[in-house]
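To start, the structure under review is shown below, and the notes come after it.
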Amino acid sequence: MAALTLVSGSVGLITLQNPPVNALSSAVRQGIVDTVQRAVSDPQVKSVVICGQNGVFCGGADIKEFGKTMLGPPLVPMIHTIEAADKPVVAAIEGSALGGGLELALGCHYRITHSKARLGLPEVTLGLLPAAGGSQRLPRLIGVPAALDLITTGRHVTAAEALKLGIVDQVTDQSTVEAAVKFALSVEVQSLTSRRISTLPCPCPADVDALFEGVMQRVRQRGRGAIAPVACVQAVQAAATLPYAQGMEREQELMATLFTSGQARALQYCFFSQRAVSRWSLPSGARWDSTKPNPVTKVAVIGLGTMGRGITVALVQAGLSVVAVETHEQQMMAAQRAVSGMLERLAQRQGVPLALDRVRFSTELEAVADVQIVIEAVFEDMALKKQLFKQLSSLCPAETLLFSNTSSLDIDHLAAQTDHPQQVVGMHFFAPAHIMKLLEVVYGPRSAPQAVATAMELGKRMGKVSVAVGNCRGFVGNRMLMHYLEEALFLLEEGSSPESIDQALKEFGFPMGVFQMSDLSGLDVGWKVRKAQGLVEPGQMSRVRQGRRYSPLGDLLCEQGRFGQKTGQGWYLYDPAGSRTPRPDPWLQRFLEQYRARQGLVSRRIDSEEVLERCLYALINEGFHILHEGIAAGPEDIDMIYVFGYGWPRHRGGPMFYASQVGLARVLQRLEHYHQLHPDVPHLQPSSLLRQLVSSGSPPIQRWKEAIRKPHSAL
Ligand SMILES: CCCCCCCCCCCCC/C=C/C(=O)SCCNC(=O)CCNC(=O)[C@H](O)C(C)(C)COP(=O)(O)OP(=O)(O)OC[C@H]1O[C@@H](n2cnc3c(N)ncnc32)[C@H](O)[C@@H]1OP(=O)(O)O
């Protein structure tokens, strides 16, 4: 797992060998310990270079080992031995030096880096801190402010930035190993005293206490309850105030609290789940590794409202040629200005050339005739979309893929309008489409595997986390969200307020509560959907519709023209209209009181535990239904949809992971309790999959799939 060879007569070249990223597994650590010892004791070796196989230095500690008993030599003494060596040790960094990989490099006396390499200490994103001496060495090397930034955000830096910060000694465009060997030969006789970072004083700015106070405040605010960023600040504080040995003790102490925490488990689950969702499979057995996507160079977007504009920008940024179609002349002109503006700002921010020539705007539908993919993003109206798909079917060649950016409509109905229903797939983007990372790729019963593969690949090129899901009303994300929203309304009827419900959800870790989110999206959006479902009875207050409990509160607000932020009034007040700061609205409080009085509802005090249980368990319960029906292939798919599309706090792993951490038996028991109290609310009735999992002993989430019957897609 690490090989030692003698090169250029006196340089011991140690190569880490653990593809794909040379993670520091126990075998690699053992390999490093053995090879370093051999190199140090070999009189022929005058200097050492450490590099990684296959163009990657090291992706850090092996995350797969974290949940298990740690075997093999520990990292900290291994890195100390390297630093204490009396022969110069040079790290030759290509590809990535991340986490334990960078900490290993910081234990070396010199660092030579390829210009395309990226470096960082991303442990915080896994719920940890750089506990192989990184939190103590980095501040000594580059100073407290820069180290705090890198360690608390986990961001990767380019080789150029690493050189500027002083993390590396040299950047090369040529062979990194050759440059490192040459460098090692040139320093063989030089003193190492000033090269051992742990022996250096930690450079601190004069106002260091104020700096820590400010950063701590920021990470607490940004972290929304995450504990690792706080521990990272404390570890760097130890580097700034304590001698190295004591600082290391503090680093280890802080790591011990994080290492076994639920948050670390959740974040590491997210790391692997994010990668796992790209390995999609369909009920037919078609899979990601046996289906080739179509080559794509040119895509059309039809409908240039907010979504269409964002999709156009994301496609251009992915390097594709885009035909952007809007049949209304004036809207087309407005869209052209907006898209150009967005592209200009992005080019400026990213320091890349403007790519306006890659978009062609048109008011003619015929302009899409020569593209490989059409993405429809017109108004969410089934009749309109059906008509468009019929037109597209006759306009486009048979091999053109037709994707719909619907957020809830039946993909199969759209496919049925075309001569080639196998070419039709849903591509559900989230607003703003050029920023939000999530993409639901919705396959209908007739979608061809190749069409799904092409949509997934296109999503990847656009930098999205793409999740393949089956066809049903609302797909995965919005179908689950519906019950979360409904429970929040029921809680309002029973005595709660938008502020207290939102506060409970924010304390849980959401960036905003359900009512603030609804105001931001526009209350009229859900109103239209409910109207289409025949649920809205204008002016009516009845609380039972279509045989189940219903809250007309949202409809009543819309009837008054209160659509949320854009109208200045919704569940909150926004002053002036369009402002983003919600203020409690005394009118709403009176309105709720009158509503309860007219309905004969007696208001009661509702605590945050009930708010969380009812809103979150209702959503989770629907997740179990979705798994049972095979609409999502596994719990990771649902969790990534929620983490990347709905603001679910990443350190809680996603709704299904959260349920597994709370305990499935507890979730079941609370759902039973609430369903008994509210028998007219079907979504509180526990799913049979949840019952089945509990009766089979609540297996860990990785084993739920065994309990789920063969997947299928159905509306
Ligand atoms: C009881 C109390 C005890 C307390 C004390 C305990 C102390 C013990 C701990 C010791 C101290 C630890 C300090 C160090 C910690 C760390 O180093 S944590 C890891 C930090 N590193 C990272 O976060 C990097 C993660 N990886 C990446 O960002 C990317 O993978 C990459 C390196 C940039 C490469 O990207 P790309 O080329 O796009 O490939 P991917 O698809 O992402 O990855 C390819 C496959 O490799 C797997 N993988 C990647 N990194 C790791 C890793 N570090 N460990 C294990 N596996 C890794 C990844 O999952 C992919 O696998 P497949 O999906 O199966 O293909």
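The values are calculated or read from the model by the stated rules, or taken from the named source; none is laboratory data. Keep in mind that this is a model prediction, so the values were computed, not measured. Every residue, glycine as well, gets a Cβ built from its backbone with ideal geometry; the counts of neighbours run over all protein chains shown. Ligands, DNA and RNA are stripped out before the accessible areas are found, and what is left, the full protein with its side chains, is counted by its heavy atoms. Shrake-Rupley method; radii C 1.70, N 1.55, O 1.52, S 1.80 Å.
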Next item on the list: Please work out which residue is nearest to the ligand (Cβ to nearest atom), limiting yourself to region 141-157 and to residues that are assigned to a helix (DSSP H, G or I) and open to solvent by 20 Å² or more (accessible area, probe 1.4 Å).
Entry: THR153
Note to self: Filter region 162-175 down to the residues that are part of a helix (DSSP H, G or I) and away from the ligand (no atom under 16 Å from the Cβ) and list them by number.
What the structure shows: LEU163, LYS164, LEU165
Item checked: Meets criteria (within 13 Å of the ligand (Cβ to nearest atom), part of a helix (DSSP H, G or I) and within 22 Å of ALA146 (Cβ to Cβ)) for ALA238 -> no
Margin query: Go through region 100-129 and report how many residues are under 24 Å from the mean Cα position of the chain (by Cα), open to solvent by less than 10 Å² (accessible area, probe 1.4 Å) and either farther than 13 Å from VAL56 by Cβ or not assigned by TED's automatic domain parsing to the domain that holds VAL76 (or both).
Written below: 6
Checklist line | Unique residue being of a type in the set (Gly, Ala, Ser), out of contact with any helix residue (DSSP H, G or I) (no Cβ under 6 Å at 6 or more places or on another chain) and either under 20 Å from ARG155 (Cα atoms) or not assigned by TED's automatic domain parsing to the domain that holds GLN170 (or both) when the list is SER41, SER96, SER10 | finding: SER96
Item checked: Filtered residues of region 357-381 (kept if free of Cβ contacts under 8 Å to residues at least 40 places away in the same chain and either of a type in the set (D, E, K, R) or part of a helix (DSSP H, G or I) (or both)) -> ASP357, ARG360, GLU364, GLU366, ASP381
Margin query: If a residue must be touching a residue at least 24 places away in the same chain (Cβ under 8 Å) and either under 28 Å from the mean Cα position of the chain (by Cα) or open to solvent by less than 60 Å² (accessible area, probe 1.4 Å) (or both), how many such residues does region 203-217 contain?
Written below: 6
Next item on the list: Starting from region 8-23, take each residue that is within 20 Å of ALA97 (Cα to Cα) and list its partners that are within 14 Å of the ligand (Cβ to nearest atom) and of a type in the set (Val, Ile, Thr), counting only C-beta distances under 6 angstrom and pairs at least six apart or across chains.
Entry: LEU16/VAL28; ASN18/VAL28; VAL21/VAL56; ASN22/VAL56
Next item on the list: Just need a number here: residues in region 287-316 that are open to solvent by 20 Å² or more (accessible area, probe 1.4 Å) and more than 24 Å from VAL525 (Cα to Cα).
Entry: 11
Check: In this structure, does ARG275 turn out to be within 14 Å of the ligand (Cβ to nearest atom), surrounded by 16 or more Cβ atoms within 10 Å (Cβ to Cβ) and either polar (S, T, N, Q) or over 22 Å from ALA448 (Cβ atoms) (or both)?
Finding: no
Next item on the list: Write out, first by first residue and then by second, each pair whose Cβ atoms fall under 9 Å of each other, whose residues are 6+ apart or on separate chains, and whose first residue, in region 31-42, is at pLDDT 95 or above while the second is assigned to a loop (DSSP other than H, G, I, E, B) and among the hydrophobic types (A, V, I, L, M, F, W, C).
Entry: GLY31/MET1; ILE32/MET1; VAL36/ALA85; ARG38/VAL45; ALA39/VAL45; ALA39/ALA85; VAL40/ALA85
Checklist line | Enumeration of residues in region 208-235 that are of a type in the set (A, V, I, L, M, F, W, C), farther than 30 Å from MET656 by Cβ and within 16 Å of the ligand (Cβ to nearest atom) | finding: ALA235
Check: Is it the case that ALA132 is more than 12 Å from the ligand (Cβ to nearest atom) and open to solvent by less than 10 Å² (accessible area, probe 1.4 Å)?
Finding: no
Next item on the list: Please go through region 63-78 and pick out each residue that is in contact with a Ser or Thr (Cβ under 9 Å, 6 or more places away or on another chain) and within 10 Å of the ligand (Cβ to nearest atom).
Entry: LYS64, GLU65, MET70
Checklist line | Long-range neighbours under 7 Å by Cβ, at least six apart or interchain, first residue part of a helix (DSSP H, G or I) within region 260-277, second more than 9 Å from the ligand (Cβ to nearest atom) and open to solvent by 40 Å² or more (accessible area, probe 1.4 Å) | finding: GLY262/GLN661; GLN263/ILE227; ALA266/ARG652; LEU267/ARG650; CYS270/ARG650
Item checked: Identity of the residue in region 22-62, hydrophobic (A, V, I, L, M, F, W, C), within 16 Å of the ligand (Cβ to nearest atom) and surrounded by fewer than 19 Cβ atoms within 10 Å (Cβ to Cβ), that ends up nearest to ALA84 (Cα to Cα) -> VAL33
Item checked: Single unsatisfied condition, GLY247 versus (1) part of a helix (DSSP H, G or I); (2) open to solvent by less than 70 Å² (accessible area, probe 1.4 Å); (3) more than 12 Å from ARG140 (Cα to Cα) -> (3)
Check: If ASP680 satisfies every condition in (1) open to solvent by 20 Å² or more (accessible area, probe 1.4 Å); (2) of a type outside the set (Gly, Ala, Ser); (3) in contact (Cβ under 8 Å) with a residue 24 or more places away in the chain; (4) not in a loop (DSSP other than H, G, I, E, B) but one, which is the exception?
Finding: (4)
Next item on the list: Considering only residues that are in a helix (DSSP H, G or I) and surrounded by fewer than 19 Cβ atoms within 10 Å (Cβ to Cβ), look in region 500-518 and name the one that is nearest to the chain's Cα centre (by Cα).
Entry: LYS506
Notebook entry, point to check: Only one of these conditions is not met by ASP575: (1) modelled with pLDDT of 95 or more; (2) assigned to a loop (DSSP other than H, G, I, E, B); (3) farther than 20 Å from PRO679 by Cβ; (4) open to solvent by 10 Å² or more (accessible area, probe 1.4 Å). Which number is it?
Noted result: (1)
